[in-house]
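Asker: Starting off with a structure, shown below.
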Amino acid sequence: MINKNYLIRVENLKAYYFTNLYGIKRLIKAVDGVSFEIHNNEILGIAGESGCGKTTLLKVLLGIIKPPLSVFEGKVYYLINHEEKDIFSLSENEFRKLRWKIVSYIPQGSMSVLNPIRKIKDTFKDFMKAHVQEMISEDDFENLLIEHLESLGLPLEVLNSYPHQLSGGMRQRVTIALSTLFRPRIIFADEPTTALDVVVQRGVLQLLKRIQKEHKNTIVIVSHDMGIHAHTSDRIAIMYAGKIIEVASTRDIFSNPLHPYTKYLINSLPKIGDKSFKSSIPGTPPFLANPPSGCRFHERCSEVMSICKESVPELKDTGNGHKAACFLVEGGRS
């Protein structure tokens, strides 16, 4: 019996980069043995330091697998019409039919999507022609576009503007409007507030939350900023050095973090009225061509035990869907 509460299921995913620089061949283990589920009707946050594998994981889930990136092992299943489909078994044409209608994408920079020499209205037209097989009249398209922008609270004046004539925040809102045009079931947002000031960030995040609430779809937000996840996400998956090391509801992550790395991330956040010194996580993330043995965080962990250096902890459920990969948790010392 398939659990119909999830949209995507990932099993032991290993996605590596093969590099050959100056004759030195390396395998960068960007995503190394990741298993988790993305639920229906939720905002899932994926958090972790830069270089932990967040964006690579997103690429694989979107089927954007191009050299030097390769999938070495594992499965990614989409639940479509109550049937599991392994996306690695789909042809490019089959997967193209899923994009933007079933799954869509908000990239880090709006200019990755918007054509700088075409007006916003023309970009929407190009988008429509590329992804809709049925013929649609000019008037129907105009009405659809106006209705869509008004539902998102965007001024219609943006349609006759070029991207460079819009502010960064407005360009990002236009990108969100593009990604939601066909009301997809799941939206991946990769650092959607990058390079935006905090006031504009808030507006963009509120727009995403409103879309999720109204459409009852799923949004996956990738961000290193735990503050963003605290105010936006329903659940959070913490990544470190290519692995997911903790998953729980946002409330549980912040009220009872189990993994030492998660505790460091939360303790680094500024709090109103708190004037205490904030220390950074000791050390640096490992080089993923040659990650450390055992728990990949053990070289930076203040609570390290001998077993942490020798064995890899499994991501285990500690209750209420709160999962952690840490021997301290298993030993009852969390």
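Quick note: the coordinates plus some simple rules give every number you see, no bench work behind them. This is a predicted model, so every value here is computed, not measured. Positions of Cβ are generated from backbone atoms using ideal geometry, with glycine treated the same way; all protein chains shown enter the neighbour counts.
Asker: Relative to a virtual label point 7 Å from the Cα of GLU73 in the Cα→beta-carbon direction, which members of the range 242-264 show backbone nitrogen distances below 20 Å?
Answerer: Once the point is set 7 Å along Cα→Cβ of GLU73, 242-246 turn out to lie under 20 Å by backbone N, inside the range 242-264.
Asker: Further, regarding this structure: Return the single residue from PHE88, PHE141, PHE254 with maximal mean-square fluctuation; model: Gaussian network over the chain, springs between Cα atoms under 10 Å.
Answerer: PHE141
Asker: Moving on to the next point. Using θ = phi - 60° and the Karplus relation 6.51 cos²θ - 1.76 cosθ + 1.60, list the HN-Hα couplings for the range 235-250 in order, rounded to whole Hz, with x at every Gly or Pro.
Answerer: 10, 9, 10, 9, 10, 8, 6, x, 10, 8, 10, 6, 9, 6, 5, 4
Asker: If you take the square roots of the eigenvalues of the alpha-carbon gyration tensor of the chain and sort them as a ≥ b ≥ c, do you get rounded (a/c under 1.5), prolate (a/b over b/c) or oblate?
Answerer: prolate
Asker: Ranked by Cβ crowding within 10 angstrom, fewest neighbours first, how are MET170, MET128 ordered?
Answerer: With the sparsest Cβ surroundings first, the list reads MET128, MET170.
Asker: Could you give the length gained by full extension between ARG118 and ILE102, i.e. 0.36 nm per residue of separation minus their alpha carbon distance, to one decimal place? Show your work: numbers first, answer last.
Answerer: Details: separation 16, 0.36 × 16 = 5.76 nm, distance 2.64 nm.
Between ARG118 and ILE102, full extension yields 3.1 nm more.
Asker: Looking at the chain only, what percent of DSSP beta bridges run antiparallel? Nearest 5 please.
Answerer: 65
Asker: Next question. Suppose R0 equals 45 Å; then what is the FRET efficiency for PHE127 and LEU27 from their Cβ-Cβ distance, rounded to the nearest 0.05?
Answerer: 0.75
Asker: Turning to a different aspect of this structure: When the Cα atoms of the range 182-334 are enclosed in a convex hull and the volume is divided per residue, what value in Å³ results?
Answerer: 153
Asker: Determine Rg/Rh for the range 1-76; Rg is computed over alpha-carbon atoms and Rh is the Kirkwood hydrodynamic estimate from the same atoms. Don't jump to the answer; show the numbers that get you there.
Answerer: Working: Rg = 14.1 Å, Rh = 13.6 Å.
Rounded to two decimals, Rg over Rh is 1.04.
Asker: Of VAL220, THR284, MET239, which is farthest on the positive side of the dipole of the range 167-317, counting Cα position, with +1 on Lys and Arg Cβ, -1 on Asp and Glu Cβ, and the Cα centre as origin?
Answerer: VAL220
Asker: Using amide H atoms built in the peptide plane, which far-off residues or other-chain residues are under 5 Å from ALA15 H to H?
Answerer: VAL31, ASP32, GLY33, PHE72
Asker: In addition: Going through the cross-link list LYS29/LYS243; LYS14/LYS75; LYS29/LYS101; LYS66/LYS97; LYS243/LYS316, which pairs have a Cα-Cα distance over 21 Å in this structure?
Answerer: LYS29/LYS101
Asker: Based on DSSP H runs of at least 4 residues, each adding -39500 (n - 2.57), what is the mean residue ellipticity at 222 nm of the chain after dividing by all its residues, to the nearest 500 deg cm²/dmol?
Answerer: Estimated from H runs of four or more residues: -8500 deg cm²/dmol.
Asker: Arrange the following residues from fewest to most other Cβ atoms within 10 Å of their Cβ: ILE219, ILE8.
Answerer: ILE8, ILE219
Asker: Grab the other residues whose beta carbon is less than 12 angstrom from that of ALA47, score K and R as +1, D and E as -1, and report the net.
Answerer: Net charge around ALA47: -2.
Asker: Based on the Cβ-Cβ distance of ASP317 and LYS209, what FRET efficiency does E = 1/(1 + (r/R0)^6) give at R0 = 22 Å, to the nearest 0.05?
Answerer: 0.20
Asker: Here's something else I'd like to know. How far, in nm, would the chain grow between ASN93 and GLU11 when pulled straight, counting 0.36 nm per residue and subtracting the alpha carbon separation?
Answerer: 27.1 nm
Asker: Among SER151, SER233, SER89, which comes first, second and so on when ranked by fewest other beta-carbon atoms within 10 Å?
Answerer: SER89, SER151, SER233
Asker: Taking only Cα atoms and a 10 Å spring cutoff, compute GNM fluctuations for the chain and point out the largest among ASP140, ASP225, ASP190.
Answerer: Comparing ASP140, ASP225, ASP190 in the GNM, the peak value goes to ASP140.
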